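Visitor: Questions regarding the structure given below will be posed in turn.
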Amino acid sequence: MGRADPEEGQLPAPVKPPDGGWGWIVLFGCFVITGFSYAFPKAVSVYFKELMKDFHVGYSDTAWISSIMLAMLYGTGPVCSIMVNQFGCRPVMLIGGLLASAGMILASFTTNIIELYLTAGVLTGLGMALNFQPSLIMLGTYFDKRRPLANGLAAAGSPVFLSSLSPLGQVLLEKFGWRGGFLIMGGLLLNCCTCGAVMRPLDAGMKRKMEKVQDKYEAKEMLPMGGKSEEGISTTDGNKKAKKAKKKPKKGKKLLDFSIFSNRGFIIYTISKFILVLGLFVPPILLVNYAKDTGVPDTEAAFLLSIIGFIDIFARPACGMVAGLKWVRPHVSYLFSFAMLFNGLTDICSARASNYTGLVIFCVFFGISYGMVGALQFEVLMAIVGSQKFSSAIGLVLLIEAFAVLIGPPSAGRLVDALKNYEVIFYLAGSEVVLSALFLAMATYCCLNRGKKTPPPEKSPPVGGGSDTEEAESDVQEAEEHSSDNHQPAHGTDNAVVVASEEANHVEDEQSGEGGRCPDGDGEVLARAGCNAEQTVERDSF
C-alpha cells in the first residue's frame with residue numbers, strides 16, 4: 001500500500017479489500033499500535049515524581065515529556081505520509097518500532113531533563129508516529145464493508161492500554177526504579193516491530209503473476225508445441241507491454257498529495273476537527289484537579305478517569321458496529337456530528353457538578369461520547385478521501401491538529417490559574433465541541449449534499465458488445481472438446497483451429513448482420529466486426 005510501481009512510476013491499481021482473513025491480524029496489530037500511541041504518553045506520567053526528585057525540576061518541566069511525545073505524534077504527520085508513499089507501510093513501521101524502543105532505552109541512561117526530552121520525548125514520539133499512521137492506512141486497505149467496525153475495535157486499544165500500562169508502570173517503578181522501568185518499557189515497545197511485520201501489503205503483484213501464467217497457458221493450448229509456442233508467448237508478452245506503454249504513461253511519484261485540498265469534504269472535516277481538538281481533551285485533563293477542589297478524596301478523584309476508560313472500551317466497538325449498518329453508513333458524518341454534539345453538551349451540563357455523584361454521572365456520559373468520537377474520527381476521513389489518498393490526508397490532518405493540541409489544553413490551564421474557576425473552562429470547552437459539531441453537520445448538508453447532481457443515465461452497451469467475445473471463446477473450447485472426442489490426436493490441433501475459425505466467423509456474421517446493414521462507426525470497429533459490403537451482398541443473396 002502506498003508503494004509506487006517501479007515499472008510504471010505510479011501507484012498500482014487498487015485491490016479489493018478482503019474484509020477479513022489476514023485483515024483480522026492487521027486489525028490486532030492496529031489495536032496494539034493505537035494503544036501504545038495514545039496511552040504511552042499518559043502512562044509515562046507515573047514516573048514524574050521520581051524524575052522531579054532525581055533531576056531537581058518542577059512538575060511542569062517533567063510534563064513536557066508527554067507534551068513532546070504528543071507533539072511528535074501529531075506534528076510529524078506529513079513526514080509519515082511522505083515516507084509511507086515512498087517506501088510503503090511495513091518498512092516505515094519497522095523503523096518506527098526500533099526508534100520508539102531505542103528512545104526509551106536511551107532515556108534510562110540520561111543524566112538531565114534535556115536528554116530526556118530528546119530521547120523519551122523526540123525519539124520515542126517520532127517512533128510511535130511512524131507506527132500509528134501506517135497502521136491506520138493498512139486497516140483501511142484491508143477493510144471496506146466492515147471498516148467502521150474495524151476502526152471501532154482498533155480505537156478501543158487506547159483505553160485498554162491506558163488501563164493496563166499505568167498500573168504496570170507503577171509496579172515497575174516500585175521494583176526497579178524509573179530507570180529500570182524505562183528500560184522494560186523500551187522492550188515492550190519492540191512489539192511495535194512485530195505489529196509492523198504483519199502489515200502485509202495488498203498490491204496487484206499476485207494478480208499480475210496470475211495473468212501472466214494464464215496468458216502462457218492459453219498460448220500453449222492454442223499453438224502447436226515447439227518453437228511456434230514460445231514465439232506466441234513472446235508475442236503475447238510484447239503486445240501486453242506495448243498496451244501498457246500506451247495506456248500508462250510514466251508519471252512522477254507524489255510524496256504528498258495536496259490535491260485533497262480541492263475536496264470540499266476534506267476542508268470541512270479539517271476545520272471542524274481543529275475546533276473539536278481545542279476543547280475535546282480539556283475536561284479529562286482538568287477533571288482530577290476539579291474533583292479535588294470540590295472536596296473529593298485523592299483516590300476517588302483518580303478513580304474518575306478509570307470510569308471514563310472503562311466506558312470508553314465498550315463505547316468504541318459498539319459505535320463502530322452502529323456506523324457499519326447499511327442505513328447509517330451513508331450518513332456517517334452526521335453520526336460523527338451527533339457524537340461531538342453529545343460530548344459538548346455533556347461538558348456544558350456537567351459544569352456545575354458539585355458532588356462526587358454528579359462527577360460520576362459526567363464520567364459515564366463523557367466516556368460514551370468520547371468513545372463515539374474516537375471510533376468515528378478516522379472512519380469519516382476514510383469515507384471522504386478514500387483509501388488511495390488517506391495516507392496524505394491523515395498526515396495533513398494530524399499536522400493541523402497538532403496546533404490545536406498546543407493551543408487548547410495549555411490555554412485552559414492558564415485560564416484556571418487566572419480565574420480560579422473550573423466552571424468557565426467546562427463551558428468554554430463544551431461550546432467549542434458543540435460549535436465543531438454544528439459546523440460539520442451544516443456544512444456537510446449545505447455544501448456537499450445540495451451540491452450533488454444526479455449522474456446522467458449510463459448508455460446501454462451496443463448489442464453483442466463484449467458478450468460475443470466470450471461466446472467466441474466458449475465456441476473455441478467446445479471445438480477443442482469436439483476434436484478430442486473424435487480421437488484424432490495427429491490432427492486434433494488443426495481441426496480445433498479450423499472449427500474455431502468457422503465458429504468465430506459465424507459469430508461475427510451474426511454480430512454484423514443484425515438489422516440487415518452495418519452499424520455506423522469507425523473503420524476499425526467495422527473491420528473488427530467483419531462488416532463490409534461483400535458480406536452484406538452475400539447475406540442478401542441468401
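Visitor: Among the listed residues E401, E423, identify the single one that is in a helix (DSSP H, G or I), open to solvent by less than 60 Å² (accessible area, probe 1.4 Å), closer than 19 Å to M340 by Cβ and of a type in the set (D, E, K, R).
Guide: Going through E401, E423 in turn, the sole match is E401.
Visitor: What single numbered condition from (1) open to solvent by 50 Å² or more (accessible area, probe 1.4 Å); (2) touching a residue at least 60 places away in the same chain (Cβ under 8 Å); (3) not acidic (D, E) fails to hold for F366?
Guide: Here F366 clears every test but (1).
Visitor: Looking at the range 373-386, can you tell me whether even one residue there is more than 30 Å from F261 (Cα to Cα) and either part of a helix (DSSP H, G or I) or not assigned by the TED database to the domain that holds V328 (or both)?
Guide: No, because not a single residue in the range 373-386 is more than 30 Å from F261 (Cα to Cα) and either part of a helix (DSSP H, G or I) or not assigned by the TED database to the domain that holds V328 (or both).
Visitor: Six or more apart or on different chains, Cβ under 7 Å: which pairs go from a residue in the range 157-172 that's in the same structural domain as S135 (by the TED database) to one that's hydroxyl-bearing (S, T, Y)? Could you list them?
Guide: Sorted first by the residue in the range 157-172, then by its partner, the pairs are G157/T34; S158/T34; S158/Y38; S163/S306; G169/Y47.
Visitor: Here is a follow-up. Here are some residues: L287, L278. Which one is touching a Cys at 6+ places or on another chain (Cβ under 9 Å) and either open to solvent by less than 70 Å² (accessible area, probe 1.4 Å) or acidic (D, E) (or both)?
Guide: Of L287, L278, the one residue that is touching a Cys at 6+ places or on another chain (Cβ under 9 Å) and either open to solvent by less than 70 Å² (accessible area, probe 1.4 Å) or acidic (D, E) (or both) is L287.
Visitor: For T141, are the conditions met, namely being part of a helix (DSSP H, G or I) and at pLDDT 90 or above?
Guide: So T141 does not fit the description; no.
Visitor: If I filter the range 80-96 for residues that are open to solvent by 10 Å² or more (accessible area, probe 1.4 Å) and either among the hydroxyl-bearing types (S, T, Y) or under 13 Å from S37 (Cα atoms) (or both), do I get at least one hit?
Guide: Checked against the condition, which is being open to solvent by 10 Å² or more (accessible area, probe 1.4 Å) and either among the hydroxyl-bearing types (S, T, Y) or under 13 Å from S37 (Cα atoms) (or both), the range 80-96 yields no hits at all.
Visitor: Follow-up. Would you point out the residue of the range 291-347, among those that are without any contact (Cβ under 8 Å) to a residue 40 or more places away in the chain and part of a loop (DSSP other than H, G, I, E, B), that is least open to solvent (accessible area, probe 1.4 Å)?
Guide: Among them, the one singled out is V328.
Visitor: Kindly indicate which of A102, A107 is modelled with pLDDT of 90 or more and surrounded by 21 or more Cβ atoms within 10 Å (Cβ to Cβ).
Guide: Exactly one of A102, A107 is modelled with pLDDT of 90 or more and surrounded by 21 or more Cβ atoms within 10 Å (Cβ to Cβ), namely A107.
The values are calculated or read from the model by the stated rules, or taken from the named source; none is laboratory data. In this text, all values refer to a predicted model and were calculated from it rather than measured experimentally. Neighbour counts are summed over all protein chains in view; Cβ atoms, including those assigned to glycine, are modelled from backbone coordinates with ideal geometry. These accessible areas exclude ligands, DNA and RNA; they are computed on the full protein's heavy atoms, side chains included. Shrake-Rupley method; radii C 1.70, N 1.55, O 1.52, S 1.80 Å.
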